[in-house]
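Below is one structure; the comments refer to it alone.
The values are calculated or read from the model by the stated rules, or taken from the named source; none is laboratory data. What you see is a predicted model, and the numbers here were worked out from it, not measured in a lab. Here the Cβ positions follow ideal geometry from the backbone for every residue, glycine too, while neighbour counts run over all protein chains shown. The area values use the complete protein model at the heavy-atom level, side chains included, leaving out ligands, DNA and RNA. Shrake-Rupley method; radii C 1.70, N 1.55, O 1.52, S 1.80 Å.
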Amino acid sequence: MKKNINFIVEESENNLRVDILINKREKLISRTRIKNLILKGKLKLNNKEIKNPSKKVLTGDKLSLKIPEPKEASLKPYNYKLE
């Protein structure tokens, strides 16, 4: 599913890594998926694109993460002759 996540960092979340913070807020998305999205340039911190999952956030920072539709698997059956 395509989804946009937008939020402002709260005081209790100050100095957390951005990937940990997003995972804390969005339980259904794994940290690995979040990291891959960040590395692909899908995260904006205060309207600036960042590609560092270990970036620390500050209170009041604005986060915007775009989650695109997942790609369909391209697995195709192989026609193999059995004896």
Region 26-83 - accessible surface per residue (Å², probe 1.4 Å):
88 Å²
Region 7-24 - phi-based ³J(HN,Hα) in whole Hz, Karplus 6.51/-1.76/1.60, Gly and Pro as x:
7, 10, 5, 8, 4, 5, 9, 4, 6, 7, 5, 5, 5, 5, 4, 5, 5, 5
Have a look at ILE38, VAL9, LEU21 and report the one farthest towards the positive end of the charge dipole of region 1-49, computed about the Cα centre with Cβ charges (Lys/Arg +1, Asp/Glu -1).
ILE38
For region 16-83, with all protein chains present and a 1.4 Å probe, just round the carbon and sulfur fraction of the accessible area to a whole percent.
51 percent
Cross-link pairs LYS24/LYS51; LYS27/LYS76; LYS42/LYS76; LYS51/LYS76 - those with Cα-Cα distance over 27 Å:
LYS27/LYS76; LYS42/LYS76; LYS51/LYS76
What fraction, in whole percent, of alpha-carbon pairs in the chain exceed 15 Å separation?
59 percent
What net charge do the residues around ASN52 carry, taking every other residue with its C-beta under 12 Å from that of ASN52, with Lys and Arg at +1 and Asp and Glu at -1?
+4
The chain: relative contact order as a whole-number percent, Cα under 8 Å and 6+ apart
44 percent
Residue-by-residue Karplus 3J(HN,Hα) for region 65-78, coefficients 6.51, -1.76, 1.60, Hz, glycine and proline x
10, 9, 10, x, 4, x, 6, 6, 5, 9, 6, 10, x, 9
